[in-house]
Structure formats: structure tokens, C-alpha cells
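Worksheet: one structure, shown below.
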Amino acid sequence: MSRLNETVARVTERIIERSAPTRQVYLDRMKAARKKGPARAHLSCSGQAHAYAGAGPDQDALATQPAANLGIVTAYNDMLSAHQPFERFPELIREAAREAGATAQVAGGVPAMCDGVTQGEAGMELSLFSRDVIALAAAVAMSHNTFDAAVFLGVCDKIVPGLVIAAQTFGHLPIVFLPAGPMTSGLPNDEKAKVRQQFATGEVDREALMKAEMAAYHGPGTCTFYGTANTNQMLMEVMGLHLPGSSFVNPNTPMRDALTAAGAKRAISLSALGNDYTPVCDILDEKAFVNGIVGLNATGGSTNLLIHLIAMARAGGIVLDWHDFSDLSDVTPLMARVYPNGLADVNAFHAAGGLGYLIRSLLENGLLHPDTQTVAGRGLDQYTQEPVLTDGTLTWRAGPDASLNTAILRPATDAFQTTGGLKRLTGNLGHAVMKVSAVAPEHHVVEADIRVFDNQDDVKAAFKAGEFTDDVIVVVRFQGPKANGMPELHSLTPILGILQGRGHQVALVTDGRMSGASGKVPAAIHVCPEALNGGLIARLQDGDRLRVDAVEGQIEVLTPGVEDRVAATPDLTAHMAGTGRELFAAFRAGVGSADSGAWVFGD
């Protein structure tokens, strides 16, 4: 194993120094919570009876035995494919707990919404805030304080970050994250994208579009492209909250069930009642977050994690900023090509060697901290192993020491590119970030006149009217968290891709979000300050000249005198109510900026 990369070491020390005051306050709070312990034994007889009344065959054990009680926090619903498999998990977990001489109870459920369903719809304006609602809901579930450890069941975009925030809040407890896995491969993602573009130009009808979409999203499990959901799963493994090799095992298989049971038993074994006490606060330290950022860059992961990782870390007193992401990106090779950064899906990535091989190569080249604490024990080298089932018994063996498909997964020393997939942009417009792993080099720098829009529907209308006939930078503003909850603008991807395919230089600049599956069109996103918070983006006008440069990391308004203009004043009343948005006024009023994690919980 190589010596730790100098930049990785330097960024880690910078984060530790920056975080020292808030991290110590957090650790002191976790120490005090550990001393108090679960309140189950201290509850009144009436309180205990309430807690055990629904436990069926586990009632007696809960009332009379000192064995561990495992809390289950679940994001189950059967409307979303990624979370439907969790319907079966509680009984698997209860049975595993009984085998370990313990008990398990569903502590509570958290909401799980799908950005794919709400894309371009009013519900998307609740999407980002749902992360913090999930954190709150998980906190309510755990607040009965009757658990010695927990397992958290979640997969998709805001669910895992929200659960991690809650896990940090209850960081004195061991918590293992149990994934559901990706759906089996269907219609290839590039073919699906082609049909979407054909529909946008009127070449195919809605029946053909629906047929393609249903062939792509066809069964239980996560979507198979490498968007936010699967990026979350990668992070949970690299950061040590999954069992090794568990992220990308398909749902409803013997291996998936065995990993679920093993995760439950492992959580029980990590409780303070045993000899291997390992609370979340010992796992999610500064090194773990650096490892997560390296994994994000090495795999070309979702831009949404530029917000979520900052919030997840903040819940544990750790302060990250976009400089950290950018500096680590500069030294992290892009090792994976998974759609939209390539043609393969996550099942093909897993078959090629997956996270076990990726972690092995990063460790061998000094790009990951090897000595982190994980739910599997101390040392990230355990995550180079892969699970195997032999006669129904789950064990781990050494994973592959070479990629089985170098078109999908390559060693760090022979990567697809020498730097990671994320770039920080700064300039007189403020600062933003861009995912460049799927953007061709000839599109890394775009300088063009701009068209300014205050919502994405007007962009689509302008496209249909044939108004985009030359190089253009499309600016979509008043899309930040304070304005309307920072919805994703992924529904613009097909039309921007069409313009690029016609030979135009095209870019998107926005104070909103792009999808975790953003691809070949350069998109400078999360512009800070946002338009509603004094950002220069509110003063832009059609015809201004803008330069977006992912090579030098610049985003510059080239037209003079823009700062002297009066800022545009949008009419946001349509975004204040309907589809539940009226309930989130306090979130919009209190939310922080994107670069601070779009956090609603105050300082």
C-alpha cells in the first residue's frame, strides 16, 4: 500500500483544523449520550408496556432479558422501485436478531420521494427539502431511546443523506445501512436517452417514449444508471456504513437476503452490550468524508453530493467546502465509465470488479485513508473483499485484483482521465460547480451570448419556437433553495443535448440543480449567491457575454457594467403553494446556501 497522497493528506488536515471547534462539541455531546444509554430499562412499567405491546413473540424477551434491541428505520414504499424491496426486510431483520439472541422493532418510517417521478413537476420543489424532513422523521423514530443499535433502510437521492444526518445525531449508537440493490438491467440507458431526444424533436410519439421508459425502469431496485441513488450506495460503502461488497447486489436474491441478515447481526454485535462497541461518531470522521469525496471523483458521481456531503458532515461537526472537493478532484483519477459517463450500467460495473476493485486500486495508490473505522472493523482493506454464499453460508473472499472489463473500470494508474469528475468555478458571477466527467474536452470551455430565463418551462417553449439558432449559454435563475427549493432541471437535458448535437456550443448556468445523472452538456450549477440572495445572476440580460471555463475553473460575465443594473424581481407566487409547497415556507425562509449544504437546521 502506497504512502498517502500529499494532497489527500493536506486536505484532510485542513478539514480537521477547520472543524476542530464544532467537531469537539459534537463528540462531547455523543460521549454524554453514550453515558446515559438507552432508556428502555429506566422506563416506567407503563412506558415499557407501550413499547413492547406490538412486539408479538419478542414481548417476553424485551420485558425480561437484557439482550440488545435493534431499531429499524425504513424508507419503504411500494411506489418507488428502489424502496419496494424493503417491504420484506423487517421480518428478515427480526429473524436475524432472534438468531443473535436479540430483538428488533421497526422504530419508524421516513418519506422517500423520487426525482424521476417529480422531474419538471411542482413536487420537485419539495425534493431537496425532503432530505431534512427525512432527518427529522428518523430522529422522531429514534427518539424513544429504546434501542441499543439500529439499521437504516434507504437508497435514493435525499433519503440516504437525510438518514446519515439522523445517524450523526444519534452518533453514540452503532448504525448499519442496509441497501436494497439495483434493478436488473433493462433497456440500455443510451438507447433510452436517444428515444427521449427523438420525442423532444417530434420524431417519435408518446407511445414509443412510454415503451422505452417502461423497458428501462422495469422492476424492483434502483435505476441502473449512475445517478444520485447509486452514488449514495458507493459512498456508504467507501465511508464504511455498508458491509463490504453489499451496495450493488440485486434485490430479492439469496445474496441480498444474506447480506441483510448479516448487517442486522453486525449492528447488534457493535452495540455497547458487547465487546466491539462501534458508534457512528467513530466511523464518520474527517478521514471517512475525505474517502467519500475521493470515491465521488473516482466514479464520476452525482453533483447532488456536493450539497449533501457538506450537510452530512455538518451534522457531525465537520466543515467541508467546495475547495476540498475541487482539490481532491485534481489528484483523483476517473476510474469508472458508467452511464451517463459511459454506456455501461451499475450491474456491469459491479460485474467488472465494482467497488472492491476500485477501493483496492485507490488504496494501492495512496488515494484513500486505509485506517478508517467501519462497521466491518478497522481498516478499509476489508472493502476490497467480496461476499460469497457457499451452501447458504455467507463469507467474504479476496476480490479481483484486476478489472474484468477495462472499458468500464480501470486501475488508478491507467484511468480514463487523470483527474476526477468535479470542477469548482469562480469569477465575478460568484462560484459554482460543474461535473465534467461526461463532458467532451471540446466543450469544457464555452464562451457565448446568453439567454436568460426565470423558469425551465420558458426554456422549453423557446426551444419549440426555434429560438436557439447559434451558440448559447442558457441561464436559468431564481431556482435556488430560497427561491423555490432548488429543483433539478434535468428535463432540460434532452433539448440542450439536441442543440449541442447540431454543432452549437451550449452550456447551462443556473443557481438550481442538475440531475445526478447530468451528462454531456456542460452545466455550471449551484451558482452562489443565488439570484434571490443578491447574486449577480439576477442582473444578467439576454445578449450578455458569459464564459464558462472548466479548464481554468472560471465563470465570468464579460459584458461590462452588469453589476450596476437593478436586479430582476421575479414573481414567485406560483411556487409558494400547491402540491404541499405551502407547508415549506419556513424551509425556504431559513435555508442556507448550496455551498453550505442547503441546510435548514440553523448554525
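Read the figures in this text as sums done on the coordinates, not as results from a lab. Please read these numbers as outputs of a predicted model, since none were measured by experiment. Note: ideal-geometry Cβ built from the backbone for every residue, glycine included; neighbour counts use all protein chains shown.
Sequentially through the stretch 107-123, phi angles give Karplus couplings (6.51, -1.76, 1.60; θ = phi - 60°) of 6, x, x, 10, x, 9, 10, 10, 5, x, 6, 8, 4, x, 10, 4, x Hz, Gly and Pro residues having no value and appearing as x. Each Cα pair of the stretch 509-603 feeds into the Kirkwood radius, which the Stokes-Einstein equation turns, at 4 °C and 1.567 mPa s, into a diffusion coefficient of 83 µm²/s. For residue 369, the residues whose modelled amide H falls within less than 5 Å of its own, excluding neighbours fewer than 5 places apart on the same chain, are 291. Our coupling estimate for the stretch 415-430, obtained by passing each phi through the Karplus curve with A = 6.51, B = -1.76, C = 1.60 and θ = phi - 60°, is 7, 5, 8, 7, 10, x, x, 10, 9, 8, 10, 9, x, 6, 7, x Hz, Gly and Pro reported as x. Summarising the label geometry, the points placed 7 Å from Cα in the beta-carbon direction at residue 2 and residue 569 lie 5.7 nm from one another. Under the criterion of Cα pairs below 8 Å and six or more residues apart, the relative contact order for the chain equals 15 percent. Exposure proxy ranking for 36, 423, 192, 158, based on other Cβ atoms within 10 angstrom of each Cβ and starting from the fewest, stands as 36, 192, 423, 158. Take the alpha-carbon centre of the stretch 114-161, take the same for the stretch 19-58, and report the distance between them in whole Å. When both Cα centres are located, 21 Å separates them.
Could you give me D for the stretch 73-217, from Stokes-Einstein at 25 °C and 0.890 mPa s, where the hydrodynamic radius is the Kirkwood radius over C-alpha pairs? Units µm² s⁻¹, please. Diffusion coefficient, whole number: 143 µm²/s.
Remark on residue 545: its backbone amide H falls under 5 Å from those of 558, 559, a criterion applied only to residues 5 or more positions apart or on other chains, H modelled at 1.01 Å from N.
In sequence order, the stretch 146-152 has phi-based couplings of 10, 10, 8, 6, 8, 10, 10 Hz under the Karplus curve 6.51 cos²θ - 1.76 cosθ + 1.60, θ = phi - 60°, and Gly or Pro positions carry x.
If the segment from residue 201 to residue 440 were pulled out straight at 0.36 nm per residue, it would be longer than the present Cα-Cα gap by 83.7 nm. Take the Cβ-Cβ distance between residue 554 and residue 414 as r, set R0 to 30 Å, and report the resulting FRET efficiency rounded to the nearest 0.05. E between residue 554 and residue 414, to the nearest 0.05, is 0.50. As a length-normalised measure over Cα pairs under 8 Å and 6 or more apart, the relative contact order of the stretch 422-572 settles at 33 percent.
Between amide H atoms placed 1.01 Å from N, distances below 5 Å from residue 374 occur with 379, all of them 5 or more places distant or on a separate chain. To the nearest 0.05, what FRET efficiency results for residue 209 and residue 405 with a Förster distance of 25 Å applied to their C-beta separation? According to the calculation, E is roughly 0.25.
When only alpha carbons are used to place a centre, the stretch 339-413 and the stretch 206-237 end up 22 Å from one another.
Rank-order 202-209, 70-77 by packing density, defined as the average count of other C-beta atoms within 10 Å over each peptide's residues, highest first. Before the final figure, lay out each step's value.
Working: 202-209: 11.4, 70-77: 24.5.
The packing order, highest mean first, is 70-77, 202-209.
Length available on full extension from residue 60 to residue 79: 0.36 nm per residue minus the Cα-Cα distance, which gives 3.3 nm.
Assuming a viscosity of 0.890 mPa s and a temperature of 25 °C, what translational diffusion coefficient in µm² per second does Stokes-Einstein assign to the stretch 422-572, Rh being the Kirkwood radius over Cα pairs? Provide the component values of the computation, followed by the final result.
Numbers: Rh = 15.0 Å.
Stokes-Einstein gives a translational diffusion coefficient of 164 µm²/s.
One way to sum up the overall shape of the chain is the equivalent ellipsoid from its Cα gyration tensor, whose semi-axes run 40, 26, 24 Å, largest first.
Think of it as helices only: each DSSP H run of n ≥ 4 in the chain is worth -39500 (n - 2.57), and spread over all residues that comes to -11000 deg cm²/dmol at 222 nm. Treating r as the C-beta distance of residue 35 and residue 447 and R0 as 45 Å, the FRET efficiency rounds to 0.15. Of the cross-linked pairs 36/265; 36/158; 287/482; 31/265; 192/460; 287/520, those separated by over 28 Å at the C-alpha level are 36/158; 287/482; 287/520. With neighbours defined as other Cβ atoms within 10 Å of a residue's Cβ, the residues 35, 211, 520, 287 order from fewest to most as 35, 211, 520, 287.
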